[in-house]
1. Any idea which of (1) away from DNA strand C (no atom under 11 Å from the Cβ); (2) part of a helix (DSSP H, G or I); (3) over 22 Å from B:Gly69 (Cα atoms) is the one A:Glu63 doesn't satisfy?
2. Does B:Ala51 fit the bill of being among the small types (Gly, Ala, Ser) and over 24 Å from B:Gly69 (Cβ atoms)?
3. Touching a helix residue (DSSP H, G or I) at 6+ places or on another chain (Cβ under 6 Å) and aromatic (Phe, Trp, Tyr) - does that describe any residue in the range B:5-17?
4. Are there any pairs, at least 6 apart or on different chains, whose C-beta atoms fall under 6 Å, with the first in the range A:32-61 and among the β-branched types (Val, Ile, Thr) and the second within 8 Å of DNA strand D (Cβ to nearest atom), and if so, which?
5. Looking at the range A:28-43 only, could you name the residues that are assigned to a loop (DSSP other than H, G, I, E, B) and buried (at least 16 other Cβ atoms within 10 Å of the Cβ)?
6. Would you confirm whether or not the range B:44-59 contains a residue that is part of a helix (DSSP H, G or I), over 21 Å from A:Pro46 (Cα atoms) and within 10 Å of the chain's Cα centre (by Cα)?
7. What's the number of the condition A:Leu25 fails, among (1) within 14 Å of chain B (Cβ to nearest Cβ); (2) part of a helix (DSSP H, G or I); (3) more than 11 Å from DNA strand D (Cβ to nearest atom); (4) touching a residue at least 24 places away in the same chain (Cβ under 8 Å)?
8. Tell me whether the range A:8-25 contains one or more residues that are out of contact with any His (no Cβ under 6 Å at 6 or more places or on another chain) and within 16 Å of B:Leu50 (Cα to Cα).
There are 2 protein chains.
Amino acid sequence: MGKNLVGNHIRKLRFNHDELTQQQLADKVGVTRQTIVALEKGNYSPSLELAFRIAHTFNLPLEEIFYYGEDTKQ
Amino acid sequence: MGKNLVGNHIRKLRFNHDELTQQQLADKVGVTRQTIVALEKGNYSPSLELAFRIAHTFNLPLEEIFYYGEDTKQ
DNA sequence: ACATAATGTAAAATAAACTATACATGAAGT
DNA sequence: ACTTCATGTATAGTTTATTTTACATTATGT
């Protein structure tokens, strides 16, 4: 257990960003689709390394994709 | 194995920031001293959650403390 | 009706992060 | 000389992230 305190906007970004599919994003960042599924579902938070690669892929600063605690963004 | 691609400025920050000791920082962010030691040594990269808590403690954006690949900062 | 592609879900196995414990070293103070 | 404190190092154990495999569902196209 131990609830996951980190949220993200991955799902939204996949659609805004070239309509990426889960599998395509997974390939781009070098993980399996299951990992993307789990992240979108909020099952756990990624490693910092993976978070960086995802941010890289979307060309966004990490903190615009991932946030600690409640989402405070627009 | 699997080399760690994420670096950080934790050690420097401990000194710039109130001369925090490893143990004090560990307490503030809720991990053991061993974790801080490992991070400073670059043995592995933290979870995203821990990275956020550390950034919080130093009152800095996460990406000013942690960087992917080579350090490109000043 | 059939095939294909995207997604959801689930569970067992491996890898990586993190803890707990323990001991060693060097510096600083008394 | 002794104590205390910060740090270094090591290793076994637990927890969490990630992989692998597998099957189900819904939508789209032919």
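1. The failed condition is (3).
2. Values: among the small types (Gly, Ala, Ser): yes; over 24 Å from B:Gly69 (Cβ atoms): no.
The answer is no for B:Ala51.
3. no
4. Qualifying pairs under 6 Å: A:Thr32/A:Ala26; A:Ile36/A:Ala26.
5. Filtering the range A:28-43 for residues assigned to a loop (DSSP other than H, G, I, E, B) gives A:30-32, A:42-43.
Across the range A:28-43, the qualifying residue is only A:Val31.
6. If we filter the range B:44-59 for residues that are part of a helix (DSSP H, G or I), which is where we start, we get B:48-58.
Subset that is over 21 Å from A:Pro46 (Cα atoms): B:58.
Subsequent filtering for residues that are within 10 Å of the chain's Cα centre (by Cα) retains B:58.
Yes, because at least one residue in the range B:44-59 is part of a helix (DSSP H, G or I), over 21 Å from A:Pro46 (Cα atoms) and within 10 Å of the chain's Cα centre (by Cα).
7. Exception for A:Leu25: condition (1).
8. Our first condition is that a residue be out of contact with any His (no Cβ under 6 Å at 6 or more places or on another chain); within the range A:8-25, this holds for A:8-25.
Remaining after also requiring within 16 Å of B:Leu50 (Cα to Cα): A:8.
Yes, the range A:8-25 contains at least one residue that is out of contact with any His (no Cβ under 6 Å at 6 or more places or on another chain) and within 16 Å of B:Leu50 (Cα to Cα).
Just so you know, all these numbers are worked out from the coordinates, no wet-lab data involved. In this text the structure is predicted, and so the values were computed from the model without any measurement. With ideal geometry, Cβ positions are generated from the backbone for all residues, glycine too; neighbour counts draw on all protein chains shown.
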